[in-house]
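A.B. asks: Provided herewith is a single structure, encoded as structure tokens, for subsequent inquiry.
Nothing in this text is a laboratory measurement; each read-out follows from the coordinates by a stated rule. Computed from a prediction, not measured in an experiment: that's the story for all the values here. Quick reminder, even Gly has a Cβ in these numbers, built from the backbone with ideal geometry, and neighbours come from all protein chains shown.
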Amino acid sequence: MYRVVWFLVLVLLPFNSITQLQFVSQEGISDSRYRQNILLKKVDIAIAEKSWDKAELLLSFAYDSGRSRYRVKELEKRLKTAIASNSKSTPPHIVTKPAKKRYQKTIYLTFDDGPMKGTTNVIDVINKEQVPVTMFVVGQHIDSSPTNRSRYNKIRDNSYMLLANHTYSHAHDRYNTFYTSSKRKILKDISKNRKLLRDDILPNSPPYTRLAGRNVYRLPTYVSDDPYITKRQLAREKSSYDMLWHEGYYLYGWDIEWGISRKTKRYRETPHRLVQKIERLYKEDKLATKGKVIVLMHDRIFQDKYNGKKNLSKLIQILKAKNWRFETLDSYLTIDDIKQGKYTQQKKLFNIDKFAKNRSQQKRNKENQLDNFLSMKIDTTKL
Ligand SMILES: [Zn+2]
């Protein structure tokens, strides 16, 4: 009897830790690239501390979790050299590359009008490339069919995607009429979409919004009106934008758009040409916010008939190669920008202190989960 109990303890205990581990790694940390980076850093530290077993173990996890086999192999070589030279009782020579000045340029890829045809292709590419993006969704599209509802659910459940408000009705695609109609009607449409998304977005975050058909900014740090409409029309619409700002909405426009030409049915620029334009905007500082480029795209331009997946992947890969850092619009403004920006609203639709707390909590959670993950793996080997 005792033998059976011991058998169960010995066999099931490690098994149990392993299943727990898998739970943490699958549910807790979705960003495998992030996890791999941290693992590799920890390998570095373990080598420096001459904890060879720990370094080897961490390396194997980095190998499992990862896309970048090359970096793992590089570290593996270093570990072997370090062990070999240490056994000859000389301290291992650890070469740590100096931190390059990277990631100064930030890109915000934004996708409008989903859920719709093309949305699934966007999701597929983003999962493969693992970059954060912002999705401005239209409530009426979500409600229009079960197919769109399920496309929306995929956006909602995707950890790379930030959900944002693009009005409920998309102004029925009649912008001049919509923005000159009653303010109550405009506000009702935008708050209807906000309510629809409410349960799916982080509580206490600013109501990230983009107007349908209008490139308008209303932010604590920056205010601008649509440059593409006539002065006369603008004079009639301006008070509607201001009303939304006073009601507490954060309105985001864009610095550059990537689209399909109506005539040729092809992309207006190749991904290469678009990145050249983006780089020029950045260099000449023709941006709403210095160093930050917001790119507008529409889900529909990534349908198969335009070879959307290939083109979007290409764009992201070129941006990566040119050291752009990808972010979602929730990091476009810092907490100080929000608190001390020169433009102030009347209504507050979120609590800034809670937002700041949530933001740092999210970061900490990610790091804690990773630490748990590492310590659990190591304990397992001791059993
Ligand atoms: Zn739109």
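A.B. asks: Using amide H atoms built 1.01 Å from N in the peptide plane, name the residues 5+ places from Asp113, or on other chains, whose amide H lies under 5 Å from its own.
C.D. replies: Distant-sequence amide H within range of Asp113: Phe136, Val138.
A.B. asks: Can you list which of the trypsin sites (Lys or Arg not before Pro) found in the range 211-271 are DSSP loop residues with at most 10 other C-beta atoms within 10 Å?
C.D. replies: Arg262, Lys263, Lys265
A.B. asks: A follow-up question, please. Label Gln361 and Arg266 with points 7 Å out from Cα along Cα→Cβ: what is the distance between them in nm?
C.D. replies: 5.2
A.B. asks: Then there's this: Convert 25 °C to kelvin, take the viscosity as 0.890 mPa s, use the Kirkwood radius over C-alpha pairs of the range 105-349 as Rh, and evaluate the Stokes-Einstein diffusion coefficient in µm²/s, rounded to a whole number.
C.D. replies: Answer, rounded: 134 µm²/s.
A.B. asks: Provide the gained length on full extension for the span Ile352 to Asp200, in nm with one decimal, where the gain is 0.36 nm per separating residue minus the Cα-Cα distance.
C.D. replies: Net length gain for the segment: 52.8 nm.
A.B. asks: Using Cα centres only, tell me the gap between the range 191-246 and the range 119-180 in whole Å.
C.D. replies: 16
A.B. asks: Right, something else. Do any of Lys117/Lys154; Lys128/Lys309; Lys192/Lys354; Lys50/Lys77; Lys105/Lys322 go past 18 Å between their Cα atoms, and which?
C.D. replies: Where the Cα-Cα span goes over 18 Å, the pairs concerned are Lys192/Lys354.
A.B. asks: Separate question: So for each of 141-147, 244-250, 287-293, 347-353 I average, over its residues, the number of other beta carbons within 10 Å; can you give me the resulting order with the highest mean first?
C.D. replies: My ranking of the peptides, most packed first, is 244-250, 287-293, 141-147, 347-353.
A.B. asks: For the range 147-205, state which trypsin sites (Lys or Arg not before Pro) are in a DSSP loop and have at most 16 other beta carbons lying within 10 Å of their beta carbon.
C.D. replies: Arg174
A.B. asks: Right, something else. Could you list Ser150, Ser224, Ser205 in order of exposure, starting from the residue whose Cβ has the fewest other Cβ atoms within 10 Å?
C.D. replies: The order, fewest Cβ neighbours first, is Ser150, Ser224, Ser205.
A.B. asks: Once fully extended, how much extra length lies between Lys342 and Lys50, figured as 0.36 nm per residue of separation less the alpha-carbon to alpha-carbon distance?
C.D. replies: 99.9 nm
A.B. asks: Can you work out ³J(HN,Hα) from phi for every residue in the range 329-335, in order, using Karplus 6.51 cos²θ - 1.76 cosθ + 1.60 and θ = phi - 60°, giving whole Hz and x for Gly and Pro?
C.D. replies: Running phi through 6.51 cos²θ - 1.76 cosθ + 1.60 with θ = phi - 60° gives 5, 5, 10, 5, 10, 7, 4 Hz.
A.B. asks: Now a separate question. Which percent, to the nearest 5, of DSSP beta bridges fully inside the range 105-349 are antiparallel?
C.D. replies: Among the beta bridges of the range 105-349, antiparallel pairing accounts for roughly 15 percent.
A.B. asks: Do any chymotrypsin sites (Phe, Trp or Tyr not before Pro) in the range 184-234 lie in a loop, going by DSSP, with at most 15 other beta-carbon atoms within 10 Å of their beta carbon, and if so which?
C.D. replies: Tyr228
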